[in-house]
Amino acid sequence: MKDSYDILVVGGGPAGAVAARTAAEAGLSVLLVEKRSAVGVPVRSGESIGKDELLEFIEAEQRFIKAEIDSSVLIGPDSSKKTIHDGETIILDRKIFDRELIWRAAEAGAEIQVHARASAPIMEGEKVCGAVIEQHGKRYEVRAKIVIAADGIESKFAKWAGIDTTIPLDGIKSCAQYLVNDIDIDEKEMQFYISPEDAPGGHLWIFPKGKRSANIGVGILGTESADGKRACDYLNHFVEKNYPNGKITERSVGGVPVCKPLKETAADGILIVGDAARLSNPVTGHGIYNAMFTGRLAAEAAVSAVKNGNTSKEFLMAYDRAWRESDMGKEHERNCLVKENMA
């Protein structure tokens, strides 16, 4: 690990990996740090993405594709069903997929450091100029012309840099998911249960992951979570009722932002992407595409800033405007309105 880089990326998920790769391919020196000891775990995702969305960033390879879905079924409180055919959806194996994205970044020239936590920003006045990195009991001061915060829903780095990243309780979904095996499912069909009995303020999903295997998860609004009524409680009830003989081989819990995005996703020396910018779909919670899309846009803005010798907020706000004016940004805004109308 050197003491300075053009770009420091905090977080090794899809947003960070695509950002690192994009900046490195443009010839910049890039360091990506991931706090966990391995990329891609634990899996805190339903692992779905549209096939066309995937192909914007990487070719589809069977080794990280678990299922190819051609329909979605919405199941209402009265058990009524509506089937939607809206393009092919891919169910990923995030353990393999995330690592492939990181490997692509490394092949482009980015330096990757795992088990490396960005514990504090280096500030000069209000400008971010790098970060303190803790790894294996040692502390390093790493300076960077721009930091890209891709550290997920917690978004601690941006908060430490003085940016308000607070999520209201009704703007977060508390989620739990099991990988359940040895169950009867339609391998080509995703299911969404929209019912206050199954998931108050949210929904429950079944995403096939191959033969007799599926991600089964639930997300409930933070305001609905209470003792005995947590996401895992609703999920346990559903699985015990509908798949009593299923074999649970993985369990994961986490949160998903379903609120409006940050008011500004750029400041002096810093850009904020993906879940850290609150850019998961506020209706479905899906966020892989939005993460990669904003990761790429941020890196492109960072490359321009470094090459122009201007890393000010004023210059970097071009990134903020770009994603808001994009199809992704406009769709996110529409979905925010849908969520508000559903409340």
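Give the stretch 50-84 a look and list any residue that's under 17 Å from Val18 (Cα atoms), hydrophobic (A, V, I, L, M, F, W, C) and at pLDDT 95 or above, or say none. Once the filter is applied, which keeps residues that are under 17 Å from Val18 (Cα atoms), hydrophobic (A, V, I, L, M, F, W, C) and at pLDDT 95 or above, the stretch 50-84 yields Leu54, Leu55, Phe57, Ile58, Phe64. Taking the stretch 107-160 only, how many residues are in a loop (DSSP other than H, G, I, E, B) and hydrophobic (A, V, I, L, M, F, W, C)? Residues in the stretch 107-160 being in a loop (DSSP other than H, G, I, E, B) and hydrophobic (A, V, I, L, M, F, W, C): 3 in total. Looking only at the stretch 134-163, residues that are of a type in the set (D, E, K, R) and buried (at least 24 other Cβ atoms within 10 Å of the Cβ) come to 1 in all. Residues in the stretch 164-194 that are farther than 18 Å from Val256 by Cα and buried (at least 18 other Cβ atoms within 10 Å of the Cβ): Leu179, Val180, Ile183, Ile185, Met190, Gln191. Only a single item in (1) of a type outside the set (Gly, Ala, Ser); (2) modelled with pLDDT under 95; (3) surrounded by fewer than 24 Cβ atoms within 10 Å (Cβ to Cβ) is not met by Leu262, and it is number (2). Pairing residues of the stretch 100-120 that are under 13 Å from Leu31 (Cα atoms) with residues that are among the aromatic types (Phe, Trp, Tyr) and surrounded by 20 or more Cβ atoms within 10 Å (Cβ to Cβ), at Cβ distances under 7 Å and at least 6 apart in sequence or on separate chains, gives Ala118/Phe157. Counting just the residues of the stretch 48-85 that are more than 22 Å from Ile96 (Cβ to Cβ) and of a type in the set (A, V, I, L, M), which one comes out surrounded by the fewest Cβ atoms within 10 Å (Cβ to Cβ)? Filtering the stretch 48-85 for residues that are more than 22 Å from Ile96 (Cβ to Cβ) and of a type in the set (A, V, I, L, M), the one surrounded by the fewest Cβ atoms within 10 Å (Cβ to Cβ) comes out as Ile84. Working only within the stretch 4-36, note down all residues that are surrounded by fewer than 24 Cβ atoms within 10 Å (Cβ to Cβ) and touching a strand residue (DSSP E or B) at 6+ places or on another chain (Cβ under 6 Å). Result: Ser4, Tyr5, Asp6, Leu28, Ser29, Lys35.
If only residues of the stretch 169-190 that are within 21 Å of the chain's Cα centre (by Cα) and either of a type in the set (A, V, I, L, M) or under 26 Å from Gly87 (Cβ atoms) (or both) are counted, the one that is modelled with the lowest pLDDT is Leu169. Taken over the stretch 265-281, the residue count meeting the criterion of being out of contact with any Pro (no Cβ under 8 Å at 6 or more places or on another chain) and modelled with pLDDT under 95 is 1. Scanning the stretch 121-153 for residues that are within 24 Å of the chain's Cα centre (by Cα) and on the phi > 0 side of the Ramachandran plot turns up Gly130, Gly152.
The values are calculated or read from the model by the stated rules, or taken from the named source; none is laboratory data. Everything numeric here is computed off the predicted structure, so don't read it as measured data. Virtual Cβ from ideal backbone geometry, glycine too; neighbours counted across all protein chains shown.
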